[in-house]
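Here the structure is laid out as structure tokens; the discussion comes afterwards.
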Amino acid sequence: MSRKPRLGFVASRSKDAQKALDRLKRRYTHVPPGKADVIVALGGDGFCLATLHRYMGDGVRVYGMNRGTVGFLMNEFKEDGLQERIAKAQTVSLHPLRMEAVTGAGRKRQAHAINEVSLLRQTRQAAKIRILVDGVVRIQELICDGVLLATPAGSTAYNLSAHGPIIPLGAEIMALTPISAFRPRRWRGALLPHHAVVRFEILEQEKRPVSAVADHTEIRDVAAVEVSEDLAQTMQLMFDPEHNLEERILNEQFIP
């Protein structure tokens, strides 16, 4: 008989998450998160993303339980039968986006995004952004509040709020979505193959500064940003069979 996976518990700073952490630690055998086979993350979606980022590349699975608000990436919180739930859980493998940014001062920065990479104007003036896909200029000048590139897993987050499309898992496409586009006024975005390399060039960068955000990492005053899927990095997120991520993303398309 195979051994039960070693559990490591982590929690956000909220009172509900910390109380749940204390109760689970008293009830279940656990190890430090760095030595765990499965990390049980207690909090909201933001904390789940932070946990995935922190342990990226370690090969550990993350099983989230909602002690936050929306909890789209989380399972329902229950104290009973945790080992049995994890044994039955389905694992989804996700590849993050890799963002490579160059600032106006010439500094190079890298970051990963599980949901999306977004470019946002920093001042009252609209941003002006040139968009290239695989080296081909697709939009010479997008005048906007911003633009984002979302993964399927992130398509129901900021992308959906910006009126971008919901993408089923396994579709192997990304959503390129403008944020309050002024010109071209009728451009509503594009669906791109997952292997596409997207480059954003900031026009009039000093006059119209733009920040680039990869999930929770923000880089200010960027001059150019290149985004692509990072197949070298794989993260594993676990869901109860009745609440799997693919079903949640599909269901979002039928919510009035």
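Of the residues contained in the range 199-209, none is found to be in the same structural domain as A105 (by TED's automatic domain parsing) and under 16 Å from S155 (Cβ atoms).
Restricting attention to the range 114-126, does a residue exist that is closer than 30 Å to V60 by Cα, touching an Asp or Glu at 6+ places or on another chain (Cβ under 7 Å), in a helix (DSSP H, G or I) and modelled with pLDDT under 95? No - not one qualifying residue is present in the range 114-126.
When the strands (runs of 3 or more DSSP E) confined to the range 35-101 are screened for residues that are under 15 Å from L24 (Cβ atoms), those reaching at least 3 such residues are found at 38-43, 61-66. Go through A150, A157, A127 for me and flag whichever is assigned by TED's automatic domain parsing to the domain that holds L192, surrounded by 15 or more Cβ atoms within 10 Å (Cβ to Cβ) and over 22 Å from the mean Cα position of the chain (by Cα). Testing whether each residue is assigned by TED's automatic domain parsing to the domain that holds L192, surrounded by 15 or more Cβ atoms within 10 Å (Cβ to Cβ) and over 22 Å from the mean Cα position of the chain (by Cα) leaves just A127. Please work out if R107 is without any contact (Cβ under 8 Å) to a residue 24 or more places away in the chain and farther than 22 Å from H194 by Cβ. When the stated conditions are applied, R107 passes them.
Only one of the numbered conditions (1) surrounded by 18 or more Cβ atoms within 10 Å (Cβ to Cβ); (2) hydroxyl-bearing (S, T, Y); (3) closer than 28 Å to G170 by Cβ is violated by T69, and that is (1). Against the definition (under 21 Å from A181 (Cβ atoms) and modelled with pLDDT of 95 or more), how does A150 come out, yes or no? So A150 passes the test. Within the range 21-47, the set of residues being hydrophobic (A, V, I, L, M, F, W, C) and in contact (Cβ under 8 Å) with a residue 60 or more places away in the chain comprises V38 only. Exactly one residue out of R3, R107, R98 is at pLDDT 95 or above and surrounded by fewer than 18 Cβ atoms within 10 Å (Cβ to Cβ): that is R107.
The values are calculated or read from the model by the stated rules, or taken from the named source; none is laboratory data. Predicted model, so just to flag it, every value in this text is computed and none were measured. Neighbour counts run over all protein chains shown; Cβ positions are idealised from the backbone, glycine included.
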